[in-house]
1. So Ala29 ticks every box in (1) surrounded by 15 or more Cβ atoms within 10 Å (Cβ to Cβ); (2) aliphatic (A, V, I, L, M); (3) under 23 Å from Leu7 (Cα atoms) but one. Which box is left unticked?
2. Return the pairs, sorted by first residue and then second, in which the second residue is exposed (fewer than 12 other Cβ atoms within 10 Å of the Cβ) and at pLDDT 75 or above, the first residue lies in the range 53-67 and is among the hydrophobic types (A, V, I, L, M, F, W, C), the beta carbons are less than 9 Å apart, and the residues are 6+ apart or on different chains.
3. Take the residues in the range 43-67 that are over 14 Å from the mean Cα position of the chain (by Cα) and assigned to a helix (DSSP H, G or I), then tell me which one is surrounded by the fewest Cβ atoms within 10 Å (Cβ to Cβ).
4. Of the residues Glu24, Glu40, which single one is in contact with an Asp or Glu (Cβ under 9 Å, 6 or more places away or on another chain) and either closer than 15 Å to Asp65 by Cβ or not in a helix (DSSP H, G or I) (or both)?
5. Take the residues in the range 1-26 that are small (Gly, Ala, Ser) and surrounded by 14 or more Cβ atoms within 10 Å (Cβ to Cβ); name whichever of them is nearest to Gln62 (Cα to Cα).
6. If you scan the range 15-52, which residues turn out to be without any contact (Cβ under 8 Å) to a residue 40 or more places away in the chain and among the polar types (S, T, N, Q)?
7. For the range 30-67, which positions are at pLDDT 95 or above and in contact with a Ser or Thr (Cβ under 7 Å, 6 or more places away or on another chain)?
Amino acid sequence: MGMFDNLKNKATDAVDEHGDKVNEGMDKAGDFADEKTGGEHGDKIDKGTDFAKDRLDGLDGQDDDIQ
């Protein structure tokens, strides 16, 4: 098992166990970035945040951990 496989497994486990906290953290990070850019790129930040959530949620092959 390579280093990246190990990292993926750890990320998958973290999302499975703490999907609600991951979701909350991603939202806070997006809000912070939006605030720092003066709201100029809010739509792009939201789109990127949603994309990242979808990718993290799908690590285990199921979309069930992040709402």
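1. Going through (1) surrounded by 15 or more Cβ atoms within 10 Å (Cβ to Cβ); (2) aliphatic (A, V, I, L, M); (3) under 23 Å from Leu7 (Cα atoms) one by one, Ala29 breaks only (1).
2. From residues that are among the hydrophobic types (A, V, I, L, M, F, W, C), the pairs are Ile66/Asp20; Ile66/Asp54.
3. The qualifying residue surrounded by the fewest Cβ atoms within 10 Å (Cβ to Cβ) is Asp43.
4. Glu40
5. So the residue we want is Gly19.
6. Across the range 15-52, the qualifying residues are Thr37, Thr49.
7. Residue satisfying the conditions is Gly30 alone.
The values are calculated or read from the model by the stated rules, or taken from the named source; none is laboratory data. Only a predicted model underlies this, so the values are computations on that prediction, with no experimental measurement involved. As a convention, Cβ positions derive from the backbone with ideal geometry for all residues, glycine included, and neighbour counts pool all protein chains shown.
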